[in-house]
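Asks: Below is a structure I'd like to ask you about.
The values are calculated or read from the model by the stated rules, or taken from the named source; none is laboratory data. Model, not experiment: these values are computed from the prediction. Cβ sites come from the backbone with ideal geometry, for glycine too, and all protein chains shown count toward neighbours. Areas reflect the complete protein model, heavy atoms only, side chains present, ligands, DNA and RNA absent. Shrake-Rupley method; radii C 1.70, N 1.55, O 1.52, S 1.80 Å.
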Amino acid sequence: MKLIYRISLRLSLVLLPLIALWAVVFYFTMVDEINDEVDDALEDYSELIVIRMLSGELLPRMNEGSNNSYTIAPVDENYAAAHPGIDYYDAEVYIPEKEETEPARFLVTIFQDGNGQFYELKVATPTFEKDELLETILWWVVWLYLLLLITVVGTTMWIFHNSMRPLYALLHWLDGYVPGHKTVPVPNNTSITEFRRLNTAAQQAVDRSEELLEQQKQFIGNASHELQTPLAVLGGRMEYMLDHAGLDEQTMGEVIQMQRTLGHIVRLNKTLLLLAKIDNGQFPENTDVDISAMIREQKELYDDIYEERDIRCDMHLTGSFLVRMNESLASVLVSNLIRNAYVHSEAGARIDIRIEGRTLTVSNDGVTPLDGKHIFERFYQGSKREGSTGLGLALVKAVADSYGLCVGYRFGEEQHIFSVEWPQ
């Protein structure tokens, strides 16, 4: 999940309880404020009735200019002592005109006249439906939450997106960065200190990586080049020993085995040197190469080499398939794909080579799938075979990367399927 979406989700989750808490506080504050206003009106009305009664004046008639109602009843001294002098409460009151009950606010006042008689005055006034108020507030809270959510999240995402542009620029640069290829410097046109430090650190890390990669390439190339002469000398001396040393049969067998091992080392050294040259871009010349013709040549060559295995190779090729590549590298790519199929096929197996559109596919029989994540790494070998250096598919990947080709592997219908796709 992207950071901006995670922040939006968390904002939404935080806003929900905050809005709910605000709604509860708002509801009780509103009810308390309404009750205060109603209580003040009831106090004034109750005070008017008490004053008129104590002064012997005419008491106000019911509903005279107001929605208030009252009742006065004499009570004894014990009742007056057992009840508070002033008391507020909510209750239902019957409205004869409407023939229904409505919520009302009551004020109960106990007072004494000049003769010592105690009276209980109940003053009531209609008030609001708390259930309806609660439902109304609930709906408003829902709409308020949605409005705040859209406003806050939208504003946050806009501000966050604009503030994080330097980070997105760095991520975009990292997506396009390929080790060993020339790239523009890390963009650092921001005034934000943290992003400038991050961009500087990324550029320093890339520079160190490029320096180490270049040192590695130089070491492999120099080592492979320097090994060629001693390996050639060693091979010549072995040939001399076999021809002139008069060795017995057992010693000659050992020397022949050493010669085979030396041959493997020579091939490995040549392959490493070729990889170093490819990585260093030492094959700049490109021409129009016919991949179909190259496949036919390589197929005939490997048919002769592995004739004793009785491997059947079927080809499904177009008349010609021209690509713009260095001819030597095209040969490396094609020959290593085909050689890999022959080397890792059992006797009597079947190999299929086909070109469909701009995709070359080479498949050979297999029992279990290989590790698709590491199959193109150097010195990876799914099963050790004689004559295999573990660098054939690494060469294919190196050539493909140098030309921006898409190389892949999959296993299906008991076949290892390798593919190389040229862009349009």
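Asks: Could you check region 237-290 and list, in sequence order, the residues that are of a type in the set (D, E, K, R), outside any helix (DSSP H, G or I) and surrounded by 14 or more Cβ atoms within 10 Å (Cβ to Cβ)? Quick ask: steps written out before the conclusion?
Replies: Restricting attention to region 237-290, the residues satisfying the condition of being of a type in the set (D, E, K, R) are 237, 239, 243, 248-249, 254, 260, 267, 270, 277, 279, 285, 288, 290.
Narrowing the set further to residues that are outside any helix (DSSP H, G or I) leaves 248, 285, 288, 290.
Hit for region 237-290 is 290, nothing else.
Asks: Could you check residue 360 against (1) at pLDDT 85 or above; (2) loosely packed, with under 15 Cβ neighbours inside 10 Å and say which number it fails?
Replies: Among (1) at pLDDT 85 or above; (2) loosely packed, with under 15 Cβ neighbours inside 10 Å, residue 360 violates only (2).
Asks: Let me ask you something else. List the strands (runs of 3 or more DSSP E) inside region 80-181, counting only whole elements, that have at least 2 residues being surrounded by 16 or more Cβ atoms within 10 Å (Cβ to Cβ).
Replies: Ranges flagged: 100-112, 118-126.
Asks: Let me ask something else. Would you mention how many residues in region 32-58 are among the charged types (D, E, K, R) and over 18 Å from residue 126 (Cβ atoms)? Explain how you work it out, then say what you get.
Replies: At the first step, the residues of region 32-58 found to be among the charged types (D, E, K, R) are 32-33, 36-37, 39-40, 43-44, 47, 52, 57.
Filter once more, so that each one left must be over 18 Å from residue 126 (Cβ atoms): 32, 47, 52, 57.
Of the residues in that region, 4 qualify.
Asks: Now for a different question. Any idea which of 101, 109 is at pLDDT below 90, touching a strand residue (DSSP E or B) at 6+ places or on another chain (Cβ under 6 Å) and hydroxyl-bearing (Ser, Thr, Tyr)?
Replies: Values: 109 fails: at pLDDT below 90.
From the options 101, 109, the qualifying one is 101.
Asks: With respect to the numbered conditions (1) open to solvent by less than 10 Å² (accessible area, probe 1.4 Å); (2) over 21 Å from residue 289 (Cα atoms); (3) modelled with pLDDT of 90 or more, which one is the sole condition not fulfilled by residue 408?
Replies: The single condition residue 408 does not satisfy is (1).
Asks: Read through the list (1) farther than 25 Å from residue 391 by Cβ; (2) of a type outside the set (D, E, K, R); (3) in contact with a His (Cβ under 7 Å, 6 or more places away or on another chain), then give the number of the only condition that residue 320 fails.
Replies: (3)
Asks: Same structure again: Please specify each residue of region 202-231 satisfying the condition of being aliphatic (A, V, I, L, M) and loosely packed, with under 12 Cβ neighbours inside 10 Å.
Replies: Taking region 202-231 as the starting set, the residues that turn out to be aliphatic (A, V, I, L, M) are 202, 205-206, 212-213, 220, 223, 227, 231.
Residues satisfying the conditions are 205, 212.
Asks: Can you tell me which residue is modelled with the lowest pLDDT among those in region 291-330 that are part of a strand (DSSP E or B) and surrounded by 15 or more Cβ atoms within 10 Å (Cβ to Cβ)?
Replies: Step one: of region 291-330, the residues part of a strand (DSSP E or B) are 312-316, 322-325.
This time we only want the ones that are surrounded by 15 or more Cβ atoms within 10 Å (Cβ to Cβ), so: 313, 323, 325.
Details: 313: 91, 323: 89, 325: 86.
The residue in question is 325.
Asks: Right, something else. Go through 320, 331 for me and flag whichever is over 30 Å from residue 214 (Cα atoms) and among the hydroxyl-bearing types (Ser, Thr, Tyr). Before the answer, list the steps.
Replies: Working: 331 fails: over 30 Å from residue 214 (Cα atoms).
Answer to the selection: 320.
Asks: Which residue pairs have Cβ atoms closer than 9 Å, lie 6 or more positions apart in sequence or on different chains, and pair a first residue in region 42-55 that is free of Cβ contacts under 8 Å to residues at least 40 places away in the same chain with a second residue that is aliphatic (A, V, I, L, M)?
Replies: Between residues of region 42-55 that are free of Cβ contacts under 8 Å to residues at least 40 places away in the same chain and residues that are aliphatic (A, V, I, L, M), the close pairs are 52/58; 52/59.
Asks: Now a separate question. So, of the residues in region 2-13 that are under 14 Å from residue 150 (Cα atoms) and free of Cβ contacts under 8 Å to residues at least 60 places away in the same chain, which turns out to be most open to solvent (accessible area, probe 1.4 Å)? Break it down into steps so the answer makes sense when it comes.
Replies: Within region 2-13, the first condition is being under 14 Å from residue 150 (Cα atoms), and the residues that meet it are 5, 7-13.
When the remaining residues are screened for being free of Cβ contacts under 8 Å to residues at least 60 places away in the same chain, the result is 5, 9-10, 13.
Working: 5: 122, 9: 88, 10: 144, 13: 112 Å².
Out of the qualifying residues, it is 10.
Asks: Another question, then. Please state which of the following conditions residue 234 fails to meet, knowing it meets all the rest: (1) at pLDDT below 80; (2) surrounded by 12 or more Cβ atoms within 10 Å (Cβ to Cβ).
Replies: Every condition holds for residue 234 apart from (1).
Asks: So, of the residues in region 184-195 that are without any contact (Cβ under 8 Å) to a residue 12 or more places away in the chain and assigned to a helix (DSSP H, G or I), which turns out to be nearest to the chain's Cα centre (by Cα)?
Replies: Once the filter is applied, the top-ranked residue is 194.
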